[in-house]
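The values are calculated or read from the model by the stated rules, or taken from the named source; none is laboratory data. This one's a predicted model, so the numbers in the text were calculated from it and none came from an experiment. Cβ sites come from the backbone with ideal geometry, for glycine too, and all protein chains shown count toward neighbours. What goes into the accessible areas is simple: the full protein's heavy atoms, side chains included, and nothing from ligands, DNA or RNA. Shrake-Rupley method; radii C 1.70, N 1.55, O 1.52, S 1.80 Å.
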Amino acid sequence: MMPANHPSAACDTDHVDQRVFLRDVGWDDYEAVLSARGDDGGVRITYFNGELELMTPSVDHESLKKRLARLLETYAEIRGIELEGYGSWTLKEKAKRLGAEADECYLVGPIRPAPKVPDIAIEVIWTSGGVDKLAVYRGLGVPEVWFWENGTLRFFALQDETYLAATRSRALPELDPALIMRCMGESTQTRAIRALRTALLGTPAAPDSGR
């Protein structure tokens, strides 16, 4: 394995995703890295035809992905939609030399026995650079990928082995992205959930604790 580069120095590394890239990595080496990492979700690993990316997400990255996940799960609960979350499920296919771990991923609707890929994979883009995630997910056959970047939610739907940009989710077509983006802009996760509930149910927000 050959290191390609190392994370650039930053004034506050807690607020920057840290990445290490390795090139010419064989499949067995990729599997060995996954095994060594174990169940520690602090490092997410992407494998693309011999290139390996190890990414440690920043506190801001983790906060955004958690906020988006909570909003999506709250939306599903309010709308009565069956939604099963799988976190950073490790997706991999040896024959195609591909592997990925999304920030969050979900199955929508009745649970299927032994699913191979999620219906939705969610990626937060906080620090630029990295492996082409869409190329990896395309090869793995993930039907839909969401990207959260710079306050915008973007959707990509797989069609004829190509991802097409979409204005809404195909898996959740009634979900209003503008509403989710507005709620994402709230000052805390709790306020984001309250704002979503108020928008969907018309219920007044709970009294603010003052924090």
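Data overview
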read-out	value
Label point distance in nm, residue 161-residue 186, each placed 7 Å from Cα along Cα→Cβ	4.4
Apportionment of accessible area to carbon and sulfur, the chain, percent (1.4 Å)	50
With DNA, RNA and ligands ignored, accessible area of residue 197 (1.4 Å probe; Å², nearest 10)	90
Extent along principal axes [Cα atoms of region 58-201; Å; largest to smallest]	47, 35, 24
Residue-averaged 222 nm ellipticity for the chain, from DSSP H runs of 4+ at -39500 (n - 2.57), nearest 500	-9000 deg cm²/dmol
Nearest-ten-degree value, helix 27-37 long axis tilted from longest Cα axis of the chain	50
DSSP-assigned coil residues among GluC sites (Glu not before Pro) in region 67-98, each with at most 12 further Cβ atoms within 10 Å	82
Helix 189-201 vs. the chain, principal-axis angle (Cα, 0 to 90°, nearest 10)	50
Residue-by-residue Karplus 3J(HN,Hα) for region 163-171, coefficients 6.51, -1.76, 1.60, Hz, glycine and proline x	8, 10, 5, 10, 7, 9, 6, 6, 6
Gain upon complete extension [residue 94, residue 198; 0.36 nm per residue less C-alpha separation]	32.8 nm
Relative contact order of the chain, defined on C-alpha pairs under 8 angstrom at six or more residues apart (%)	14
Using a Förster distance of 35 Å, the FRET efficiency for residue 62-residue 176 (Cβ separation, nearest 0.05)	0.90
Residue-normalised accessible area of region 58-201, expressed per residue, 1.4 Å probe, Å²	48
